[in-house]
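No value in this document is a laboratory result; all are computed from the given coordinates. These numbers were taken from a predicted model, which means no experiment stands behind them. We place every Cβ from the backbone using ideal geometry, glycine too, and count neighbours over all the protein chains shown.
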Amino acid sequence: MKNRLQTLWTQVVPHRGPCPMPGARDVLRRVDAALDAEARPQRRPLRAALVLAAALALLTGAAFASGQLALPEGSVLDRYFSWMDGDTGYAASLISVQPLSAEDQDLRLTVTSSIADSNEVYLTLTVQAKTEEGRAFLRRADLVGDSLLDIEMGGIFGGGSKSISGELDGEEPDCLEFSASLELGLSRTVDIRLEAPAGRLSLDVPVKPIRSVTLRLDAAGPGAGTMDHAAGGPVEVETVTLSPLSIAAGYTTPFSNCGAPLFYFLWQDGTWTTMGQLHATGPSGSMAQKEDTFRCKSSWKFGAIQDITKLEALVFNGTAYPLDGGGPYPVDTSHLPVPFSIPAGEELPGAQNLSVPLFALCEGLGIPCGWDGERAVMRYRDVEIVFTAGSGTAEVNGVPEALYAPALFQDGELWADAYPVLCKPWGLTLRYASENAWADSLSEGGDKAAYWLITP
């Protein structure tokens, strides 16, 4: 067993010297605990396998605790939480990196990383060729498009959302890499099926949601806009569930003017953050109409994994709701920005998004915009951004950053496809919305108004 553990250690943490062997008592204690649940005739053949399994668990735990077991390249942290900055140690500690595989003579299907909360499951996986026949299969197959690779929640998927994306590893691939996100249903397993040339490969991946905190608010207040109703409306919030990955709420809102809860976050060090600064996207979920109101269960995904152990309270309508279970108390939120909407312009030549009216954006944020007829200088959250009419670059704290298309001054407004340089430096969430899509869908003729919904 020692040789097999040394081989595993060398593969996981090469150039780290000899394997730190697990203690015999710890291994046997785990084995005996596992065997207690088995019928006695089965105990003997299981013992050797369980000794190795327990030793592997102890070994992997030792490597992870010592900081030597790194996340695999292209993990869920890279794929789904692109706004991570600074130290990612806490985020990495929440992600499962224990590989889980199924294979035949040609292919190996492996889950390489995963994380889940009560709303969503994220995972990454690879399909690796072992033979020339396996490589030929990967080259000719669109595994997702041809429905050869299927990922579902416990085989009972339906009604929720899921996405699967994959990419080649080189022009003559030996391996395909995939990532997937699924709404968490009643099941606590993810079923992965690959229709391989030699038959189906199957994996059942257990889902263990990370810690979350549920708060009972039972409070009413002003709501933010939604993608279908940029103006927003009042909301009555019942419960909120907060995890490092997302925030979810159960609430009601008027049928005629849907709103979404406007939350702020008060941290233990006294600082504040907004939904925009957490790059929260959404909402997604369900709604049911009851008379003249919508009853909603919605969630927003964070763009980075949050350390909620450092969060003092969730704030709604001037009231703080502590995460430690303490009683709510009033707080001053008058200094915090609120979401707003601005008109969206036409696509600029070569742009990838509708254009943003920069003067209107500054007005909505409540910041000055220095304009000399050629250059616009704007400063928000200690980051200065300069746009120049006709230029395909902007300066972010003096550093040139490429735009998708040159900025355009037209009819008294400076328009820019500014998404790549505005959102991250200023902590904004920018979403394409409609002034009132519901009303527009009931009217005859005419196009829906195009808006950007800004969450500062």
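Length available on full extension from Glu132 to Thr393: 0.36 nm per residue minus the Cα-Cα distance, which gives 89.2 nm. Straight-line cross-link partners of Lys310 among the aspartates and glutamates, defined as a Cα under 13 Å from its Cα and at least 8 positions apart when in the same chain: Asp269, Asp324.
To the nearest 20 debye, what is the magnitude of the charge dipole of segment 296-365 about its Cα centre, counting +1 on the Cβ of each Lys and Arg and -1 on the Cβ of each Asp and Glu?
220
Can you tell me the length gained on complete extension of the stretch Glu413 to Glu183, counting 0.36 nm per residue apart and subtracting the Cα distance? Between Glu413 and Glu183, full extension yields an extra 78.7 nm. Placing pseudo-labels 7 Å out from each Cα toward the beta carbon at Arg375 and Ile164 gives an inter-label distance of 5.2 nm. Approximating the spin labels as points 7 Å out from Cα along Cα→Cβ, the Glu195-to-Tyr329 distance works out to 6.1 nm. Could you quote the convex hull projected area for segment 241-345, Cα atoms only and averaged over all directions, in nm²? Averaged projected hull area, Cα only: 8.3 nm².
By the gyration tensor of its Cα atoms, with a ≥ b ≥ c the square roots of the eigenvalues, what is the shape of segment 291-388: rounded for a/c under 1.5, prolate for a/b over b/c, or oblate?
Numbers: a/c = 2.28, a/b = 1.75, b/c = 1.30.
Since a/c reaches 1.5 and a/b is larger than b/c, the shape of segment 291-388 is classed as prolate.
Shape call for segment 298-341 from the C-alpha gyration tensor, a ≥ b ≥ c root eigenvalues: rounded (a/c under 1.5), prolate (a/b greater than b/c) or oblate? Because a/c hits 1.5 or more and a/b fails to exceed b/c, segment 298-341 counts as oblate. Each label point was placed 7 Å from the Cα along the Cα-to-Cβ direction; for Asp269 and Glu384 their separation is 2.5 nm.
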